[in-house]
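Notes follow once the structure below has been shown.
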Amino acid sequence: MNLFILYRVFIYPTCNKDFVFKVKARNGCGWSDWFEVVYTMNNCSSECSDPFNGIVGNNFILTPNPVSEGLLNITVKYEAPWFTTINNNPVGNVPSLDLGIGNLVTNYNPIVTVTIFNQSGSLLLTFPNTALPELLNIGNLPQGTYLVLIEYQGQLESYTIIKE
């Protein structure tokens, strides 16, 4: 009895971009070699922007990930649960309310402690009293995967980053 199975993949692009697929076929004789299929999408209404190469958490944004130049940028996510704006004004030079400290502030730069651990849990770097946004130099760390722990007013948030 011959059984014919058809596999299909549906991709719904939202912008113009070349899609590159590696495909392998199988029949009763075995598997074929890999071959590459390129499909050019050119009938979408927008062009693709560069992909975001960072991590967005509940309170902070870390870029880039992977870290290749040795500098890790940590910024505040202004939609964070502990940070809101007043009258829907954007954060910047307008008054904002930090729910963590309950004060009206302008040009807010929260003070955090950043610690970096290796995969074995050993503490490698500590950046205490860091005002965000901040570029942290982790260039002395070898290539690998690390845990970044950010503490703000007793709240902890962790991220996994890759150092190339």
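What the table below lists for this structure:
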| read-out | value |
| --- | --- |
| Length released on extending from GLU151 to VAL20, taking residue separation times 0.36 nm less the Cα-Cα span | 43.0 nm |
| Packing rank of 142-148, 55-61, where each peptide gets the mean count of other beta carbons within 10 Å, highest leading | 55-61, 142-148 |
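The numbers here are math on the coordinates, done by the rules we state, and not lab data. Please read these numbers as outputs of a predicted model, since none were measured by experiment. Backbone-built Cβ (ideal geometry, glycine too); neighbour counts: all protein chains shown.
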